[in-house]
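Colleague: I am attaching a structure below and will ask some questions about it afterwards.
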Amino acid sequence: MKIQGNKPLAIFIIVITIIWLILVPVRLIGKDCLQYYSLEKAGVETKARVLLLEPQNHQTTHYSYEVQSVEYGGEGRADFGNPGFNSIKPGMELRVFYFPQSPEISCLGLPHELLVNDLIPFSLFLVFVCIMLVVQYRRWMRLPTKT
């Protein structure tokens, strides 16, 4: 795409691209990150029982746990303070964190480790995209203008 010195158009394209590149991933992972952060601060740890392992579905681990004689369930990823996926079997006990005020909201493993796991690649991606946009912007501004 040749901008050729059209500075307002270049700035508009960069701003729209940055907004899109921030909002889409935030929408996709933001809910989980907020939940992990909240569980890290206010969550209660308990033991969950592994119900089902899905190796073909991103190694999803289905689990259940009990809070005040009520059974809740969830799904998550192994590791992150629990044994790795290949080391767990149905019936095993794993660490899970839940909200005391909303016990149906939980995460399998340590919330801090899950949060870091999601935030680091996302942050690196944003830094890479911003660098590429700055480089492209500098190229656009160096192009001679047509008169």
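Colleague: Pick out which of G109, G43, G73 has the largest mean-square fluctuation in a Gaussian network model of the chain, springs linking Cα atoms closer than 10 Å.
Modeller: Maximum fluctuation in the GNM of the chain, among the listed residues, is at G73.
Colleague: Moving on. In whole percent, what relative contact order does the chain give with Cα contacts below 8 Å and a gap of six or more residues? Don't skip to the answer; put the middle values down first.
Modeller: On the way: 197 pairs, mean separation 43.5, N = 147.
Once normalised by length, the contact order is 30 percent.
Colleague: Cross-chain or 8 or more residues apart, Cα under 29 Å: how many lysine pairs in region 1-144 fit that? Count them up, please.
Modeller: Values: K31/K41; K31/K47; K31/K89; K47/K89.
Pairs that pass both the separation and distance tests number 4.
Colleague: Shifting gears a bit: Report, by chain and number, residues whose modeled amide H sits under 5 Å from the one on G81, excluding near sequence neighbours (fewer than 5 apart, same chain).
Modeller: Under 5 Å from the amide H of G81 lie the amide H atoms of L110, each far enough along the sequence or on another chain.
Colleague: How do S106, S64, S123 rank when sorted from fewest to most other Cβ atoms within 10 Å of their own Cβ? Intermediate results must be reported in sequence, preceding the final value.
Modeller: On the way: S106 25, S64 14, S123 10.
Ascending number of Cβ neighbours within 10 Å: S123, S64, S106.
Colleague: Another question, then. Using only Cα atoms, find the angle between the long axis of helix 7-42 and the longest principal axis of the chain, and express it within 0 to 90 degrees, rounded to the nearest 10.
Modeller: 10
Colleague: Take the chain, drop everything but the C-alpha atoms, weight them equally and run the Debye formula without solvent; then report log10 I(q)/I(0) at 0.10, 0.15, 0.21 Å⁻¹ to two decimals.
Modeller: At q = 0.10, 0.15, 0.21 Å⁻¹ the computed log10 ratios are -0.51, -0.79, -1.22.
Colleague: Using the per-residue mean of other Cβ atoms lying within 10 Å as a proxy for protection, in what order, highest first, do the peptides 87-93, 74-80 fall?
Modeller: 74-80, 87-93
Quick note: the coordinates plus some simple rules give every number you see, no bench work behind them. Please read these numbers as outputs of a predicted model, since none were measured by experiment. Positions of Cβ are backbone-derived with ideal geometry, glycine not excepted, and every protein chain shown enters the neighbour counts.
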